[in-house]
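J.: Can you read through this structure? Questions will come right after.
The values are calculated or read from the model by the stated rules, or taken from the named source; none is laboratory data. No experiment lies behind these values; they were computed from the predicted model shown. Neighbour counts run over all protein chains shown; Cβ positions are idealised from the backbone, glycine included. Just so you know, the surface numbers come from the protein's heavy atoms only, side chains and all, with ligands and any DNA or RNA stripped out. Shrake-Rupley method; radii C 1.70, N 1.55, O 1.52, S 1.80 Å.
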Amino acid sequence: VKLDGTNYLVWSRACKFSIGSHGYKGFLTGETTKPIEAGPSQEKWETTNYLLMSYLTSSMDLGISRGYMLLDTAAVIWKTAETTYSHVGSKAQRYEIRKKI
């Protein structure tokens, strides 16, 4: 599922399923933070973070993903996409729900 600007809920669920099934949910929520001390654990965190950043941006339409390329962590990409596209509690979302009812 590619994020196209209109399908955030489906896209976010697909990403959660894929990323969570590999044990990396904390990278999305920000709970898994970069170790302070340099070394193997920091390198592993960076490698995993880059992998997830790549996954997230690859699962977006090209026009959307370009705006996320300069962000530093998977958690920042995730939160920014949520803020931009989720519309949770927005008037537009309430209108759509009422219209469907």
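J.: Kindly indicate the residue of region 72-91 that is hydroxyl-bearing (Ser, Thr, Tyr) and touching a Leu at 6+ places or on another chain (Cβ under 8 Å) and also surrounded by the most Cβ atoms within 10 Å (Cβ to Cβ) among those meeting that condition. So that I can check it myself, show each step before the final result.
T.: Here is the first cut: in region 72-91, the residues hydroxyl-bearing (Ser, Thr, Tyr) are 73, 80, 83-86, 90.
Next, only the ones that are touching a Leu at 6+ places or on another chain (Cβ under 8 Å) stay: 80, 85-86.
Numbers: 80: 13, 85: 19, 86: 13.
By that ranking, first place goes to 85.
J.: Could you list, in sequence order, all residues of region 30-40 that are touching a Lys or Arg at 6+ places or on another chain (Cβ under 9 Å) and either touching a residue at least 60 places away in the same chain (Cβ under 8 Å) or open to solvent by 50 Å² or more (accessible area, probe 1.4 Å) (or both)?
T.: Pass one, region 30-40, residues touching a Lys or Arg at 6+ places or on another chain (Cβ under 9 Å): 30-32, 35.
Answer for region 30-40, where residues must be touching a Lys or Arg at 6+ places or on another chain (Cβ under 9 Å) and either touching a residue at least 60 places away in the same chain (Cβ under 8 Å) or open to solvent by 50 Å² or more (accessible area, probe 1.4 Å) (or both): 31, 32.
J.: For residues that are exposed (fewer than 15 other Cβ atoms within 10 Å of the Cβ) and over 12 Å from the mean Cα position of the chain (by Cα), scanning just region 52-71, find the one that is farthest from residue 22 (Cα to Cα).
T.: Let us first name the residues in region 52-71 that are exposed (fewer than 15 other Cβ atoms within 10 Å of the Cβ), namely 54, 58, 61-63, 66-67, 69-70.
If we keep only those that are over 12 Å from the mean Cα position of the chain (by Cα) too, we end up with 61-63, 66-67, 69-70.
Details: 61: 24, 62: 25, 63: 28, 66: 26, 67: 26, 69: 23, 70: 25 Å.
Among residues in region 52-71 that are exposed (fewer than 15 other Cβ atoms within 10 Å of the Cβ) and over 12 Å from the mean Cα position of the chain (by Cα), the one farthest from residue 22 (Cα to Cα) is 63.
J.: Only one of 74, 92 is modelled with pLDDT of 95 or more and aliphatic (A, V, I, L, M). Can you tell me which?
T.: Numbers: 92 fails: modelled with pLDDT of 95 or more.
Step by step, each of 74, 92 is checked, and only 74 is modelled with pLDDT of 95 or more and aliphatic (A, V, I, L, M).
J.: What's the total number of residues in region 1-28 that are closer than 16 Å to residue 76 by Cβ and either surrounded by 14 or more Cβ atoms within 10 Å (Cβ to Cβ) or acidic (Asp, Glu) (or both)? Let's see the steps before the verdict.
T.: The initial filter retains those residues of region 1-28 that are closer than 16 Å to residue 76 by Cβ, namely 3, 12, 15, 19, 24-28.
Checking the rest, the ones that are also either surrounded by 14 or more Cβ atoms within 10 Å (Cβ to Cβ) or acidic (Asp, Glu) (or both) come to 3, 12, 15, 19, 24, 26-28.
Summing the residues that are closer than 16 Å to residue 76 by Cβ and either surrounded by 14 or more Cβ atoms within 10 Å (Cβ to Cβ) or acidic (Asp, Glu) (or both) in region 1-28 gives 8.
J.: Return the total of residues in region 52-75 being closer than 21 Å to residue 32 by Cβ and in contact (Cβ under 8 Å) with a residue 12 or more places away in the chain.
T.: Applying the first criterion (closer than 21 Å to residue 32 by Cβ) to region 52-75 yields 52-59, 68, 71-75.
Right, trim to in contact (Cβ under 8 Å) with a residue 12 or more places away in the chain and you get 52-53, 55-57, 59, 68, 71, 73-75.
Qualifying residue count, region 52-75: 11.
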